[in-house]
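Peer 1: Below are the structure tokens for one structure; questions will follow.
The values are calculated or read from the model by the stated rules, or taken from the named source; none is laboratory data. What you see is a predicted model; the values in this text were computed from it and never measured. Cβ placement follows ideal geometry from the backbone for every residue including glycine, while neighbour counts extend to all protein chains displayed.
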Amino acid sequence: MAEASRNSRDKFHRAFVLHARPFRNTSQIIDLFTDDEGRVSVVARGATRGGARGRSPLSVQLQPFALLQVSWSGRGELYTLNRTEVVGRSYSLQGRRTLCGLYANELLVRLLHRGDPHVKLFEQYGELLHSLDSGGDEACLLRAFEVQLLNAVGFGFDLQIDCAGVPIHSDQVYSYHPEEGMMPFSSSNEKAVTVMGKTLEWLRTTESKVEKRVMQEAKYLLRSAIDYHLPNDMLESRKLIAQYGALN
């Protein structure tokens, strides 16, 4: 494991809170995404203490979508949180955008291994939060981040060439195969997820505006790729996004 296995009481790490859950009476176990150690789990003692006096100061700091500096100590896979400082802007995502941020957090918790650094992905995650907060197109932002995350953890697929090494053509129909990548569609693989080549071309940058069909194909393609590596029940954040859409 990386340097997280050594005592780092006096070393600060940039971090975002991904998930928190209760631990014993007044503590929480916090999953952090750090810039130099990847995903790290820490015990935040006293994070839920407050009672009639309100929330504890620590719980106010340990909120999603805020850039922190943290230090911890201990060994193994669960460390003790020592110090926390808010050092960057706290993104106040609202409504569906909050759910989009929680979806990204859940993907990171489920797909990242503990102690495996992803410096570039850390910056891309920060850019995602900034763009969501600034009013960027939610679907485009999530598709871009899904591609970045899959590539970072080794589950990505080539958007330039098919599995035979032939360049992607915009008017060709392709089917997705998790172990091979994109394959020209044929009746023998009709059960696979299919997309047009221009959908794959758009996913290379996700910058230009495209028609609804391309957006839908991109969504289901990346969902299929993610679900292949997360074969359990549907992600909780997806359920919340679907419920939010049904109510609004």
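Peer 1: Kindly indicate the residue of the stretch 139-158 that is of a type outside the set (Lys, Arg) and under 19 Å from GLU211 (Cα atoms) and also surrounded by the fewest Cβ atoms within 10 Å (Cβ to Cβ) among those meeting that condition.
Peer 2: Ranking the candidates gives ALA139 first.
Peer 1: Regarding the stretch 22-43, can at least one residue be identified that is among the aliphatic types (A, V, I, L, M), surrounded by fewer than 17 Cβ atoms within 10 Å (Cβ to Cβ) and over 24 Å from LEU128 (Cα atoms)?
Peer 2: For the stretch 22-43, residues among the aliphatic types (A, V, I, L, M), surrounded by fewer than 17 Cβ atoms within 10 Å (Cβ to Cβ) and over 24 Å from LEU128 (Cα atoms): absent.
Peer 1: What's the number of the only condition in (1) in a loop (DSSP other than H, G, I, E, B); (2) at pLDDT 90 or above; (3) loosely packed, with under 15 Cβ neighbours inside 10 Å that MET1 fails to meet?
Peer 2: Only one criterion in (1) in a loop (DSSP other than H, G, I, E, B); (2) at pLDDT 90 or above; (3) loosely packed, with under 15 Cβ neighbours inside 10 Å is unmet by MET1, namely (2).
Peer 1: Among (1) buried (at least 17 other Cβ atoms within 10 Å of the Cβ); (2) farther than 17 Å from ARG143 by Cα, there is one condition TRP202 misses while meeting the rest; what is its number?
Peer 2: Tallying (1) buried (at least 17 other Cβ atoms within 10 Å of the Cβ); (2) farther than 17 Å from ARG143 by Cα, TRP202 fails exactly one: (2).
Peer 1: Checking the condition modelled with pLDDT under 90 and touching a Lys or Arg at 6+ places or on another chain (Cβ under 7 Å), which residue from SER56, SER90, SER71 passes?
Peer 2: Of the residues listed, the single one that is modelled with pLDDT under 90 and touching a Lys or Arg at 6+ places or on another chain (Cβ under 7 Å) is SER56.
Peer 1: A further question follows. State all residues of the stretch 159-183 that are touching a residue at least 24 places away in the same chain (Cβ under 8 Å) and either over 18 Å from ARG223 (Cβ atoms) or surrounded by 15 or more Cβ atoms within 10 Å (Cβ to Cβ) (or both); if no residue qualifies, say none.
Peer 2: If the condition is that a residue be touching a residue at least 24 places away in the same chain (Cβ under 8 Å) and either over 18 Å from ARG223 (Cβ atoms) or surrounded by 15 or more Cβ atoms within 10 Å (Cβ to Cβ) (or both), then LEU159, GLN160, ILE168, HIS169, SER170, ASP171, GLN172, VAL173, TYR174, TYR176, GLY181, MET182 are the ones that fit.
Peer 1: Here is a further query. Spot the failing condition for SER186; the list is (1) out of contact with any strand residue (DSSP E or B) (no Cβ under 9 Å at 6 or more places or on another chain); (2) exposed (fewer than 12 other Cβ atoms within 10 Å of the Cβ), and only one is missed.
Peer 2: Of (1) out of contact with any strand residue (DSSP E or B) (no Cβ under 9 Å at 6 or more places or on another chain); (2) exposed (fewer than 12 other Cβ atoms within 10 Å of the Cβ), only one is false for SER186: (1).
Peer 1: OK, next. Tally time: how many residues in the stretch 205-221 are surrounded by 12 or more Cβ atoms within 10 Å (Cβ to Cβ) and not aliphatic (A, V, I, L, M)?
Peer 2: 6
Peer 1: Pairs needed: first member in the stretch 214-227, in contact (Cβ under 8 Å) with a residue 60 or more places away in the chain and closer than 12 Å to ALA139 by Cβ; second member anywhere, assigned to a helix (DSSP H, G or I) and of a type in the set (Lys, Arg); C-beta distance under 9 Å; at least 6 residues apart or different chains.
Peer 2: If the second residue must be assigned to a helix (DSSP H, G or I) and of a type in the set (Lys, Arg), the pairs left are MET215/ARG143; ALA218/ARG143; LYS219/ARG143; LEU222/ARG143.
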